[in-house]
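First the structure, in the form of structure tokens, and then the observations on it.
The values are calculated or read from the model by the stated rules, or taken from the named source; none is laboratory data. Everything numeric here is computed off the predicted structure, so don't read it as measured data. Cβ placement follows ideal geometry from the backbone for every residue including glycine, while neighbour counts extend to all protein chains displayed. The accessibility values were calculated without ligands, DNA or RNA, using every heavy atom of the protein model including side chains. Shrake-Rupley method; radii C 1.70, N 1.55, O 1.52, S 1.80 Å.
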Amino acid sequence: MLDPFTLNLRHLDAVVTVGSTRSISAAALAVNLSQPALTQAISRLEQRLEQPLFERGSQGALPTRGGELFLRRAARGLTQLADSIAAARRSARLPLLPHPERAVSATQLRAFAAVERTGSFAAGAREIALSQPSVHRAARELELVIGRPLLVRAGQTMRATPAGARIALGIRLALAEWQAGLDDLEALAREGAGRVRVGTLPLPRAGLVPAALARFAPDHPNARISVIEGPYAELLLKLRGGEIDLLVGALRNPVPSGIVQIALFPDNLFVVARASHPLAGTRADPDDMAGYPWVVGASGAPMRGVWERMFTAENRPRSLIECASVLITRGLLLDGDWLAFLSADQFRIEEAAGLLVRIGSSVAGSRREIGVAHRIDWMPTDTQAAFLEALGVAGRDRS
């Protein structure tokens, strides 16, 4: 699979200009290339993509179907990059840098992104298989073009400056667009191809996401699916940075800036324990439950807030473990007199087997919407849109 970082930015800019002008001669003049050089650049890019981007004829250079798909993604990626550079320069009151995609190289972007991600020139060099001097030189060259320091030493590590963090975000978003363009082309060659990267919180891991995958996979055998687990703050950062396409879990109120949330189904929490727990089969109240150890979510999570409101300061359980893993939570419940909040989906199998039981009815005030979030400017590929639809169907099945 072609790495978006290996694409030539000037060639991307050139083909986007050909697509908008429908003319190789007009585009050559706009990007300051000779017509033979531009024609050669288009040919090389088409060879790498293994698909024609244009049909040449009396009406000029008209994009093919693959060309239309790829060019819109290429243009969006270049815009993300240019916007991040403009923002970094504007914050220092530097003048606008015209056509920054013609002044920076993919090597410079890749080197800087690797150092920003790994925290050192040495680790960044290892990650992208370049020499450390080459990575150092490329990152510093990018700083010269931007006109701002992008990296600063903090002890033994290199950290991004505020301008550097903005550039790094722009690079990640640009890469996401270019990768989507490559996926669009692959889907033309192989039905159902493409990639979907799903971030999932604990609740949907047990039922919703597997159900959506089971519905989606048979019709998309060539798709590459990545499921990434993690805490909400970490996954939200990845979503905003284009490292995942969708985030599935309990929706937030207020809605995070720059994010769209789609409700799939309402959900309630239950107090859950092993079948032989002393409270099993009783109408236990919070005072009864306070005498047993609990497994609870991390501070700040919606489920943790429900748990904290359930008890007064005087009768709050003293023995507890903070844990976001449903697997570990279920293991503790099965192995002792622990209590925990779980959604019905999260212990469906154990409940059917008679291993775990609900203590009473659903927890008061625990109703929340389970859904999916994506960036407000996200433009899904056909494959990603199909998975989003599969999530919707799986959600409606739980309503």
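Brief remarks follow.
- From PRO218, PRO210, residue being farther than 19 Å from PHE347 by Cα, part of a helix (DSSP H, G or I) and either open to solvent by 50 Å² or more (accessible area, probe 1.4 Å) or at pLDDT below 95 (or both): PRO218
- The single residue among VAL15, VAL115 that is more than 22 Å from ALA165 (Cα to Cα), in contact with a Gly (Cβ under 9 Å, 6 or more places away or on another chain) and among the β-branched types (Val, Ile, Thr) turns out to be VAL15.
- Within segment 292-316, the set of residues being closer than 18 Å to ALA280 by Cβ and either of a type in the set (Phe, Trp, Tyr) or modelled with pLDDT under 95 (or both) comprises TYR292, TRP294.
- Considering residues of segment 53-70 that are more than 22 Å from the chain's Cα centre (by Cα) and in a helix (DSSP H, G or I) only, the residue surrounded by the most Cβ atoms within 10 Å (Cβ to Cβ): GLY67
- Number of the condition not met by THR381 [criteria: (1) loosely packed, with under 14 Cβ neighbours inside 10 Å; (2) of a type in the set (Val, Ile, Thr); (3) over 14 Å from VAL271 (Cα atoms)]: (1)
- A Cβ distance below 6 Å, combined with a sequence gap of six or more or placement on separate chains, defines the contacts here; from segment 371-395, residues that are under 16 Å from GLN80 (Cβ atoms) reach residues that are open to solvent by less than 30 Å² (accessible area, probe 1.4 Å) and of a type in the set (A, V, I, L, M) in the pairs HIS374/LEU246.
- Contact annotation: residue pairs with Cβ atoms under 7 Å, 6 or more positions apart or on different chains, pairing a residue in segment 122-140 that is within 21 Å of PRO4 (Cα to Cα) with a partner that is open to solvent by 40 Å² or more (accessible area, probe 1.4 Å) and of a type in the set (S, T, N, Q), are GLY124/THR118; ALA125/SER131; ALA125/GLN132; GLU127/THR118; ALA138/THR107.
- Of residues in segment 268-298 being small (Gly, Ala, Ser) and touching a strand residue (DSSP E or B) at 6+ places or on another chain (Cβ under 6 Å), the one nearest to ILE376 (Cα to Cα): ALA298
- Of the criteria (1) open to solvent by 20 Å² or more (accessible area, probe 1.4 Å); (2) among the aromatic types (Phe, Trp, Tyr); (3) in contact with a strand residue (DSSP E or B) (Cβ under 7 Å, 6 or more places away or on another chain), which one PHE5 fails: (3)
- Identity of the residue in segment 151-164, touching a residue at least 40 places away in the same chain (Cβ under 8 Å), over 17 Å from PRO95 (Cα atoms) and not in a strand (DSSP E or B), that ends up most open to solvent (accessible area, probe 1.4 Å): PRO162
- In the set ALA14, ALA27, ALA106, only one residue is over 25 Å from the mean Cα position of the chain (by Cα), under 30 Å from VAL135 (Cβ atoms) and surrounded by 15 or more Cβ atoms within 10 Å (Cβ to Cβ); that residue is ALA14.
- Among residues of segment 85-100 being charged (D, E, K, R) and without any contact (Cβ under 8 Å) to a residue 12 or more places away in the chain, the one that is most open to solvent (accessible area, probe 1.4 Å) is ARG93.
- Listed conditions (1) closer than 17 Å to THR200 by Cβ; (2) at pLDDT below 95; (3) of a type outside the set (Lys, Arg) are all met by LEU264, apart from (2).
- Candidates PHE347, PHE341, PHE265, PHE311 - the one that is within 30 Å of ASP377 (Cα to Cα), in contact with a helix residue (DSSP H, G or I) (Cβ under 7 Å, 6 or more places away or on another chain) and open to solvent by less than 30 Å² (accessible area, probe 1.4 Å): PHE265
- Just so you know, in segment 274-302 the residues that are of a type in the set (A, V, I, L, M, F, W, C) and touching a residue at least 60 places away in the same chain (Cβ under 8 Å) include one that is nearest to ILE349 (Cα to Cα), and it is ALA275.
- Criterion (touching a residue at least 24 places away in the same chain (Cβ under 8 Å) and under 30 Å from ILE376 (Cβ atoms)) met by exactly one of ARG48, ARG44, ARG76: ARG76
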